[in-house]
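Undergrad: Handing you a structure now.
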Amino acid sequence: MRIIRTIPEIRAVVGAARAARQRVGLVPTMGAFHDGHLSLMREARAHTDLVVVSLFVNPTQFGPNEDLASYPRDEARDAELAGQQGVDILFAPDAAEIYPEGFATSIHVTGLTEVLDGAARGAFHFDGVATVVTKLFGIVAPDVAYFGQKDAQQVMVVRRIVRDLNLDVRIEACPIMREPDGLAMSSRNIYLDPAARQQATALNRALDAAAAVHANGERDAARIVDAARTVLADAGIEPEYLELRSNDDLRTLDRVEGDALLAVAARVGAARLIDNHLLKGGTGCDAPC
Ligand code: AMP
């Protein structure tokens, strides 16, 4: 596996692959790899010829009081893990390569970004995500880009950008990878001390409880959400948000008739964690990738 740090170099490698009629897969990441990231790389490896993983802790998607400075970074370990998945290129630019002096453009997606994590963290967050993902698509020009359903709202925002800006890339959303006790894998789980790590399991248990109520035929959104809220309260967790929204445009729902996204964010110990379940219309099951 090759590590590339500059845009001209990655362009040359991808251009040569494309000239050889190879399909290019991109997995955008911020590093500190866990099996969630690796599952996206495996998916890319299985379906594309040249697999590019980008590793860039994007400063513009962090707020001034967030964890940009302390975000876990271990490029050598990440390179080792990516290599083991058969990744061809680790694209690890520095911030000046992506945001050179005078950089002045921002991509803003209205509507979808104003709720859930956009409301909780601020508009800057999805503007930062949208801008860096659009840049990565411009730099790498992948045929397919792989994202995790863990960040369900992010997937929706990226799909909307692709649609609205007519970008020639297919977006694949892959299932949430979890620890054996159900905690969604996250680079931020390392912030959890043992007590908080135990407490954090309540997030997925809460979502499971709501999914069970839904699977039993409950369609009233407030009652479904209440089932999750009770589990969180029992674990001493006050969510930043816990909301059931339509899975197409994130509108609020009174009743759940089609696919719905149950999304939660909460501070647990030193970490801010997010998780979600997709409630499939009629079945209550998580959707496959
Ligand atoms: P990050 O490095 O946190 O920006 O994540 C990079 C990609 O990995 C994003 O598309 C995430 O949605 C995805 N991802 C993060 N955690 C998980 C997980 N537990 N399961 C599946 N995908 C994940």
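Undergrad: If you check Ala200, Ala221, Ala209, which single one turns out to be out of contact with any Asp or Glu (no Cβ under 6 Å at 6 or more places or on another chain) and away from the ligand (no atom under 16 Å from the Cβ)?
TA: Result: Ala209 is the single residue among Ala200, Ala221, Ala209 that is out of contact with any Asp or Glu (no Cβ under 6 Å at 6 or more places or on another chain) and away from the ligand (no atom under 16 Å from the Cβ).
Undergrad: So the check is Cβ under 8 Å with 6+ separation or different chains; which pairs have a first residue in segment 165-194 that's within 15 Å of Ala145 (Cα to Cα) and assigned to a strand (DSSP E or B) and a second one that's within 12 Å of the ligand (Cβ to nearest atom) and among the charged types (D, E, K, R)?
TA: From residues that are within 15 Å of Ala145 (Cα to Cα) and assigned to a strand (DSSP E or B), the pairs are Glu172/Glu43; Cys174/Glu43.
Undergrad: Right, next: Hey, could you check segment 109-131 for residues that are of a type in the set (A, V, I, L, M), under 19 Å from Asn166 (Cβ atoms) and in a helix (DSSP H, G or I) and say which is nearest to the chain's Cα centre (by Cα)?
TA: Among them, the one singled out is Ala130.
Undergrad: Additional query: Among the helices (runs of 4 or more DSSP H) confined wholly to segment 21-108, which include 1 or more residues that are away from the ligand (no atom under 13 Å from the Cβ), at pLDDT 95 or above and under 15 Å from Thr134 (Cα atoms)?
TA: In segment 21-108, the matching helices (runs of 4 or more DSSP H) lie at 95-98.
Undergrad: Can we say Ala145 is among the small types (Gly, Ala, Ser), surrounded by 22 or more Cβ atoms within 10 Å (Cβ to Cβ), in contact (Cβ under 8 Å) with a residue 60 or more places away in the chain and assigned by TED's automatic domain parsing to the domain that holds Ile7?
TA: yes
Undergrad: Looking only at segment 131-142, count how many residues are open to solvent by 20 Å² or more (accessible area, probe 1.4 Å) and within 12 Å of the ligand (Cβ to nearest atom).
TA: 0
Undergrad: Considering Ala195, Ala233, Ala215, Ala287, which residue is at pLDDT below 95, small (Gly, Ala, Ser), farther than 19 Å from Arg121 by Cα and open to solvent by 30 Å² or more (accessible area, probe 1.4 Å)? I'd like the intermediate steps shown before the answer.
TA: Details: Ala195 fails: at pLDDT below 95; Ala233 fails: at pLDDT below 95; Ala215 fails: at pLDDT below 95.
Answer to the check: Ala287.
Undergrad: Can I ask one more? Looking only at residues that are more than 18 Å from the chain's Cα centre (by Cα) and within 29 Å of Thr110 (Cβ to Cβ) in segment 149-192, which one is surrounded by the most Cβ atoms within 10 Å (Cβ to Cβ)?
TA: Selected residue: Leu167.
Undergrad: Could you go through segment 219-230 and let me know if any residue there is part of a loop (DSSP other than H, G, I, E, B) and at pLDDT 95 or above.
TA: The answer is yes; a qualifying residue exists.
The values are calculated or read from the model by the stated rules, or taken from the named source; none is laboratory data. Just so it is clear, the model here is predicted, and its values are computed rather than measured. Reconstructed Cβ throughout: ideal geometry from the backbone, glycine too, with neighbour counts over all protein chains shown. Each accessible area value is taken on the protein alone, full model and side chains, heavy atoms only, with ligands, DNA and RNA left out. Shrake-Rupley method; radii C 1.70, N 1.55, O 1.52, S 1.80 Å.
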